[in-house]
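Below is one structure, written out as C-alpha cells, with a few remarks after it.
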Amino acid sequence: MIKKVAILTNGGDAPGLNAVIRAIVKTAEHNGVECYGFIEGYKGLLENNYIKLDSSTNASGLLHKGGTIIGTSNSTNVFNYKCINENGEVEYKDLSDECVKHIQDAGFDCIFTLGGDGTQKSSRDFSLKGVNCIGVPKTIDNDVAHTDVTFGYNTAVSVATEAIDRLHTTAESHHRILVLEVMGRYAGWIALESAIAGGADAALIPEIPYDINKVVEKINQRRAKGKNFSVIVTSEGAKPIDGDLVIKQKLDDAGLDNIKLGGIGDKLAHDLEELTGMVSRNTVLGYVQRGGTPSAFDRVLSTRYGVKAMELALSGIFNVLVTYRGGEMGYVSLEDVVGNNKVIGAVSGNTKESNIRRITMDNDLIKTARSIGICLGD
Ligand code: F6P
C-alpha cells in the first residue's frame, strides 16, 4: 500500500502541468495518499526541497493556469551535475545517490516525473536505483516515443494557428512573405499541424530538409494566380538540403541535448526576399506557444494523464511512462521510452541513438498537407 508520493515537474514548462498536478493530488487524496511536490524539478530533489500539496489550499484552482506551481528547471542533470571544485575548475559529478537518500528519508513510495525525454531518462535511471518512478509525457514538441499526444502540444498548435491567422492579414495587406518560426526541436509536429490548421502555403520541418527553390516555386505559382503574399511556417529544427541546423547557442550542460535552436526563420526570410524580390519578414513565436492557459483538449488530456498515473501507483505498477494511444490511457516501460537515447539532436527517431518520435513520411498529416497544396520544401 502506498501512503506518500511526490511530484516533480522538469524541463521547459508546458500548458497542462498544473492540471496534471491537480489530478494526481485529487486522486491521491481520494485514496488516502499524501502528496508532495519537489520545487524546481530534479533541482528540488537534489536540494531536498519539497512542499505538501493539498487540494483545499495550494493545489486548488489550477486547471486553467499555465506554468507549474512547483517550478521547473531544465538544466539539472543530477547524474552528471556541474560542480566547481576547490581549484575553481568545472567538474561533473553523479549526485543521484543523494537524491535517492532524500526520497528514502522522506518515505516517498513513488515519484511522478512530469517531463520530456531528458526528464524520463533520469526517471529511468532512478528506477534502476530502486526508486519507484512513474513518468508523465510533457512537452509541447510531441516527440516522446510510444505516446500519440503529449500534454501541452495541443495548446501550442492552437497558439501557432492563431499566429498564422494574424500573420495572414498583414501578409495580404502588404503583399509580403511572412515567415513564422515555431518550436518543436527535432520534430515538426507543431509546424505541420499549425500550417494545416492555419492554411499556410509552406511548412518546413526537420524531417524533410528543404530545397529553397521549391518554396520559391510555390510563392511564384501563387503570384501567377494573383496572390501576392505567402505565409511560411518553419520548425526551429528545419534545415536546407545543402546546409545545417541554425543554432542560437551551444549550452554548457551535460544533458542529452545541449543545443539551443533558433534563427532558421530569419535565414528563410532573408533568402526568400533575395530570390523572389518580395519583402519578407520573420516572426519568432517563442515562449508564447508554451505559456498561458491550456486548451480544453489539454485540460482533459492532462487530467486523464494525472488520474492514470496515480491509478498505476495505487496498483503497484512502477517504472513506466503513462501513455495515450488510440484514445486510451495506458503505460509503457520507461526503458522502452528512453532506453536507447544517447543523443537527441540531429538523428532521426527510432534509431539506436535516439527514439524520439518524429513525423514519418507515411503519416497521414504529410499526405494531407501535400493534398491541399502545402509545400513541404521537397
Ligand atoms: O522542449 C520544449 C522546448 O520549448 C522546445 O520546443 C525548444 O527548443 C526548447 O524547449 C527551448 O528551451 P529553453 O526553455 O531552454 O529555451
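What to note about this one:
- Gaussian network model of the chain, Cα within-10 Å springs - most flexible of D362, D94, D148: D362
- Highest-MSF residue in the chain out of E34, E274, E89 [GNM, Cα springs under 10 Å]: E89
- Centre-to-centre separation between the Cα atoms of region 145-164 and those of region 265-295: 18 Å.
- Fraction of beta bridges assigned by DSSP in the chain that are antiparallel (%, nearest 5): 35
- Nearest-20 debye value, region 91-186 charge dipole, Cβ charges on Lys, Arg, Asp, Glu: 60
- Take each peptide in 105-113, 46-54, 175-183, count the other Cβ atoms within 10 Å of every residue, and average; sorted highest first, the result is 175-183, 105-113, 46-54.
- Relative to the globular-protein estimate of 2.2 N^0.38 Å, the Cα radius of gyration of region 130-203 stands at 1.38.
- Formal net charge of residues neighbouring I140 (Cβ-Cβ distance under 12 Å; K, R +1; D, E -1): -3
- Think of a 1.4 Å ball rolled over the protein heavy atoms: region 181-308 then has 42 Å² of accessible area per residue.
- Cα gyration tensor shape of region 177-299, rounded if a/c is under 1.5, else prolate or oblate by comparing a/b with b/c: oblate
- Each DSSP beta bridge with both residues in region 1-72 is either parallel or antiparallel, and the antiparallel ones are about 50%.
- Apportionment of accessible area to carbon and sulfur, the chain, percent (1.4 Å): 47
- Lysine pair count for region 190-340 with Cα-Cα distance under 29 Å and sequence separation of 8 or more or different chains is 22.
- Summed over the residues of region 99-164 and divided among them, the accessible surface reaches 24 Å² per residue at a probe radius of 1.4 Å.
The values are calculated or read from the model by the stated rules, or taken from the named source; none is laboratory data. Note that the structure is a prediction, hence the values are computed from the model and not measured. Positions of Cβ are generated from backbone atoms using ideal geometry, with glycine treated the same way; all protein chains shown enter the neighbour counts. Just the protein is used for accessible areas: all its heavy atoms, side chains included, with ligands, DNA and RNA removed. Shrake-Rupley method; radii C 1.70, N 1.55, O 1.52, S 1.80 Å.
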